[in-house]
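For reference, the structure is listed below as structure tokens.
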Amino acid sequence: MLGGPPSPRHRSHDVVTLAEVARHAGVAVSTVSYALSGKRSVSPTTRRRVEESVRRLGYPPRRHDGLVLAVVVPPGFDAGSGWLEAFLAAAAARARRDDASLVVTSSVADAEGHDGLVVLAPATAPFGAEVPVVLVGPGYVDQVRVDVDRAEAGELCADHLADLGHRVVAFVHGGPLAEFFCGLARACRARGVEVRPHRWPAPDLLGDTARPTAYVADGGAVLRGVLATLRAGRVRVSEDASVAALCPDEVAEPEGVTSVSVSPAELGAAAVGAVLDDRATRLLRPRLAVRGGGARRDPATGGPQVESRTTSSVGRIAAAGG
């Protein structure tokens, strides 16, 4: 038998949501939509479970023309030219596979009344919502998130810089030290590379006696600040120092620096899939895009290394995965 008698909150004055029916029946929200709309085939057993949950919870009958999901894009959101367009296009395409549609809003408050939410960080995803909520970006452990695997991203950066011969790396971050730093520090330690954390705005970034020869920025905003600081200090990117960042390619490519990221299309499709299918966190494998050549260092002296005519593969580039 499914569930039990309706809980006290499911009285006539309460509005039962599609997500509650899905949770009670033990199926995905999209499956409930299919069962009620008849637009796609659902097994007789599953259909009976959904109908029983509808009856027990008192879900109000209405026309089901498909789910409507809200995508919350905070004011001032900037992930580089073309990033948001690619994210939304992939999200919409994934939604159409389940006969769902998207609306875009600038706040969580404006997203009320929809069948699910996709929230782009740094906007705050609501806790305890009655509909599925997925945060795109960093968040808390108990939140459903879709994001790049930040620990693996740190490892990719560390291996790339160690392969170039760097022995002292500055890690510049704007928030608390988290998964990206942990992955970087762990891999650097294994390769004999020293990591020096600097909290942005990092007034001492160029003040070290033994100046770092490589800089890793945690985020696009931090990257822009690091590059401005290096230019002001007459440190030439690629010639004097290597720079890498955890940020979208759309931010790093115009600056000519190496980035580690996942494509906006992958994120968009995965976020909608998490809302409609399983409401489970998905960490996507990062990809390292090497730009600018990088300032090679002599492992013995730490000084610049003269380039040979032979070009070797630098770093390891992870295949993007879902």
### Task
Estimate the FRET efficiency between LEU206 and ASP163 by the formula 1/(1 + (r/R0)^6), using the beta-carbon distance for r and 22 Å for R0, to the nearest 0.05.
0.35
### Residue-wise HN-Hα coupling along the stretch 133-142, computed from phi with Karplus coefficients 6.51, -1.76, 1.60 (Hz; x: Gly, Pro)
10, 10, 9, 9, x, x, x, 8, 4, 8
### Message
List the GluC sites (Glu not before Pro) within the stretch 101-182 that DSSP assigns to loop and that have no more than 16 neighbouring Cβ atoms inside 10 Å.
### Response
GLU112, GLU130
### Task
Could you pull the accessible area for LEU36 with a 1.4 Å probe, rounded to 10 Å²?
60
### Query
In terms of modelled amide H atoms, which long-range or inter-chain residues lie less than 5 Å from the amide H of SER242?
ALA214, TYR215, ALA295
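Considering only DSSP states other than H, G, I, E and B, which chymotrypsin sites (Phe, Trp or Tyr not before Pro) in the stretch 53-153 qualify as loop sites with at most 12 other Cβ atoms within 10 Å?
On the way: sites: PHE77, TRP83, PHE87, PHE127, TYR140; in loops: PHE77, PHE127, TYR140.
Those that pass, being in a loop and sparsely packed, are PHE127, TYR140.
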#### Entry: Length-normalised contact order of the stretch 91-134 in % [C-alpha pairs under 8 Å, at least 6 apart]
29
### Query
If we count every other residue with Cβ under 11 angstrom of ARG191's Cβ, Lys/Arg +1 and Asp/Glu -1, where does the sum land?
-1
## Note on the structure
Non-local residues with an amide H under 5 Å from the amide H of VAL146, with H modelled 1.01 Å from N and Pro and chain starts lacking one, are LEU135, VAL136, GLY137, ARG282
## Note on the structure
Karplus ³J(HN,Hα) for the stretch 249-261 (6.51 cos²θ - 1.76 cosθ + 1.60, θ = phi - 60°; Hz, whole; x = Gly/Pro) runs 4, 5, 8, 7, 4, x, 8, x, 10, 6, 9, 10, 6
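Below 8 Å, C-alpha to C-alpha, sequence gap of six or more: please give me the relative contact order for the stretch 156-267 in percent.
Taking the mean separation of contacting Cα pairs over the length of the stretch 156-267, I get 26 percent.
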### Query
Considering amide H positions built from the backbone, and no H for Pro or chain starts, which residues 5 or more places from ALA79, or on another chain, come under 5 Å of its amide H?
LEU84
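Can you bin the stretch 101-147 into rounded, prolate or oblate? Criterion: square roots of the alpha carbon gyration tensor eigenvalues sorted a ≥ b ≥ c, rounded for a/c under 1.5, prolate for a/b above b/c, oblate for the rest. Each step should come with its number before you reach the end.
Working: a/c = 1.75, a/b = 1.43, b/c = 1.23.
Verdict is prolate for the stretch 101-147.
The values are calculated or read from the model by the stated rules, or taken from the named source; none is laboratory data. Bear in mind that the values here come from a model prediction, so they are computed numbers and not experimental data. As a convention, Cβ positions derive from the backbone with ideal geometry for all residues, glycine included, and neighbour counts pool all protein chains shown. Surface areas here come from the heavy atoms of the whole protein model, side chains and all, with no ligands, DNA or RNA. Shrake-Rupley method; radii C 1.70, N 1.55, O 1.52, S 1.80 Å.
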